Amino acid sequence: MKITQIKYRIIADVLIFSLIFVGPWWLSIVLISAGIFLFRHFYESLALAIFLDGLYSVPGVTFFGTGAFFTIIIVAIFLLSIFLKTRLKFYRV
């Protein structure tokens, strides 16, 4: 991984993390999803999703028996991106 890629990744992480506090939740999900597709192995997305669940989840409201709504969405997008990245011609592996 090149130094410039690491800089962009750190900038994206800081931007998304700060957006979690000041922006709407759906914009955070969109930027995390973009990061998953733009960066290779964007594992930080899983930590950001867990943080989103801790911040925005409402007690008593469950999604398939669990309160991890954002984590389930981000894990599904992450797994879908692994599948798509290996099959798209224009994506560099």
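Counting only helices (runs of 4 or more DSSP H) that sit completely within region 1-63, those holding 3 or more residues that are within 18 Å of residue 84 (Cβ to Cβ) correspond to 25-38. When residue 32 is tested against (1) in contact with a Leu (Cβ under 7 Å, 6 or more places away or on another chain); (2) farther than 16 Å from residue 74 by Cβ; (3) not small (Gly, Ala, Ser), just one condition goes unmet, and that condition is (2).
Conditions (1) within 14 Å of the chain's Cα centre (by Cα); (2) surrounded by 12 or more Cβ atoms within 10 Å (Cβ to Cβ), marked per residue:
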| position | (1), (2) |
| --- | --- |
| 4 | no, no |
| 9 | yes, yes |
| 12 | yes, yes |
| 18 | yes, no |
| 21 | no, no |
| 24 | no, no |
| 31 | yes, yes |
| 43 | yes, no |
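Scanning region 1-48 for residues being touching a Gly at 6+ places or on another chain (Cβ under 7 Å) and small (Gly, Ala, Ser) gives a total of 2. Look at region 13-34: where a residue is of a type in the set (Ser, Thr, Tyr) and a partner is open to solvent by 20 Å² or more (accessible area, probe 1.4 Å), sitting 6+ places away or on another chain with Cβ atoms under 6 Å, you get 28/19; 33/77.
The values are calculated or read from the model by the stated rules, or taken from the named source; none is laboratory data. Keep in mind that this is a model prediction, so the values were computed, not measured. Note that we place each Cβ from the backbone using ideal geometry, even for glycine, and neighbour counts take in every protein chain shown. In case anyone asks, the SASA skips ligands and DNA or RNA and just uses the protein heavy atoms, side chains included. Shrake-Rupley method; radii C 1.70, N 1.55, O 1.52, S 1.80 Å.
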